[in-house]
1. Taking the conditions exactly as written (touching a residue at least 12 places away in the same chain (Cβ under 8 Å), polar (S, T, N, Q), out of contact with any helix residue (DSSP H, G or I) (no Cβ under 6 Å at 6 or more places or on another chain) and open to solvent by 50 Å² or more (accessible area, probe 1.4 Å)), does N85 satisfy them or not?
2. Within segment 25-34, track down each residue that is open to solvent by 50 Å² or more (accessible area, probe 1.4 Å) and either among the acidic types (D, E) or modelled with pLDDT of 95 or more (or both).
3. In segment 110-136, which residue that is among the small types (G, A, S) and in a strand (DSSP E or B) is nearest to Y19 (Cα to Cα)?
4. Please state which one of D142, D99, D117 is open to solvent by less than 50 Å² (accessible area, probe 1.4 Å) and of a type in the set (D, E).
5. Find the residue count for segment 126-139, including only residues that are open to solvent by less than 30 Å² (accessible area, probe 1.4 Å) and on the phi < 0 side of the Ramachandran plot.
6. When residues of segment 9-24 are filtered for being assigned to a loop (DSSP other than H, G, I, E, B) and surrounded by 11 or more Cβ atoms within 10 Å (Cβ to Cβ), how many remain?
7. Is it the case, given these coordinates, that G78 is under 29 Å from T140 (Cα atoms) and either out of contact with any strand residue (DSSP E or B) (no Cβ under 7 Å at 6 or more places or on another chain) or small (G, A, S) (or both)?
8. Does V158 qualify as being within 20 Å of G44 (Cα to Cα) and in contact with a Ser or Thr (Cβ under 9 Å, 6 or more places away or on another chain)?
Amino acid sequence: SGSKTFEKLYGGSGTDRGYGVDQLSSGQYIIAGETDSNNGDVSGNKGGVDYYVLRIKTNGAINFTRTIGGTDNDQAYGVEALAKNAYAVIGETESNNGDVPDNSGGDDYFVVSVKGDGSFKFAKTYGGETSDIGRSIHKTSDGGFILCGETESSNGDVSNNKGSDDYWVVKIAANGTMKWQKTLGGADKDLGTSAAPTSDGG
């Protein structure tokens, strides 16, 4: 049947940005980003900027869209496709209401694992009192996830900050429970953007 090529625009009258995309086993695509729109392809804005998630068919037609977040700004940067049309999204949140639990202060990593039926398996925040920005999420062989981004914090979930921003790598279980965390860097800015599992289990 040959390859299908398309170019599409998605969003509303505000600012809509896509940052992460992955392919589901069905061949459809899951896209994550941010929106402050509440019209066009976007509905259910929770306030400020929200996570904006779309599932699109192989021809680019929209299967569904949804917003995730609270009344402050919530921006998604990474998405990982899981089995049976489930997916997990990571980004940053300033919110402490709506879909967002227990913000530690400033921006926190905000991870949402969504089942194939659209319900949340879990929604969790990770971080300290200042800025913690989650950039990537990848599934690991034990069913959990490896998270990567950057942190300015040195309290809460974050320990041993080397100064300014550090890479912040976090391992979580399948239910979102934190297994371990590690900061990497020096005295100046160190910005982590991605981490992925390796074949030897690292």
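1. On the way: touching a residue at least 12 places away in the same chain (Cβ under 8 Å): yes; polar (S, T, N, Q): yes; out of contact with any helix residue (DSSP H, G or I) (no Cβ under 6 Å at 6 or more places or on another chain): yes; open to solvent by 50 Å² or more (accessible area, probe 1.4 Å): no.
When the stated conditions are applied, N85 does not pass them.
2. First, the residues of segment 25-34 that are open to solvent by 50 Å² or more (accessible area, probe 1.4 Å): 25-26, 29.
Y29 - this is the single residue of segment 25-34 that is open to solvent by 50 Å² or more (accessible area, probe 1.4 Å) and either among the acidic types (D, E) or modelled with pLDDT of 95 or more (or both).
3. Taking segment 110-136 and keeping what is among the small types (G, A, S), we get 113, 116, 118-119, 123, 127-128, 131, 134, 136.
When the remaining residues are screened for being in a strand (DSSP E or B), the result is 113, 123, 134, 136.
Values: S113: 17, A123: 20, G134: 12, S136: 10 Å.
Filtering first and then ranking leaves S136.
4. Details: D142 fails: open to solvent by less than 50 Å² (accessible area, probe 1.4 Å); D117 fails: open to solvent by less than 50 Å² (accessible area, probe 1.4 Å).
Testing whether each residue is open to solvent by less than 50 Å² (accessible area, probe 1.4 Å) and of a type in the set (D, E) leaves just D99.
5. Residues of segment 126-139 open to solvent by less than 30 Å² (accessible area, probe 1.4 Å): 126-128, 131-134, 136-137.
Among the residues that remain, those that are also on the phi < 0 side of the Ramachandran plot are: 126, 128, 131-134, 136-137.
Counting residues in segment 126-139 that are open to solvent by less than 30 Å² (accessible area, probe 1.4 Å) and on the phi < 0 side of the Ramachandran plot gives 8.
6. Initially, segment 9-24 is screened for residues assigned to a loop (DSSP other than H, G, I, E, B), giving 9-15, 24.
Still in the list and also surrounded by 11 or more Cβ atoms within 10 Å (Cβ to Cβ): 10-15, 24.
Matching residues across segment 9-24 total 7.
7. On the way: under 29 Å from T140 (Cα atoms): yes; either out of contact with any strand residue (DSSP E or B) (no Cβ under 7 Å at 6 or more places or on another chain) or small (G, A, S) (or both): yes.
So G78 fits the description; yes.
8. Values: within 20 Å of G44 (Cα to Cα): no; in contact with a Ser or Thr (Cβ under 9 Å, 6 or more places away or on another chain): yes.
So V158 fails the test.
The values are calculated or read from the model by the stated rules, or taken from the named source; none is laboratory data. Quantities reported herein were computed from a predicted structural model and do not represent experimental measurements. A quick note on method: Cβ atoms are made from the backbone with ideal geometry, for glycine too, and the neighbour counts reach across all protein chains shown. Just so you know, the surface numbers come from the protein's heavy atoms only, side chains and all, with ligands and any DNA or RNA stripped out. Shrake-Rupley method; radii C 1.70, N 1.55, O 1.52, S 1.80 Å.
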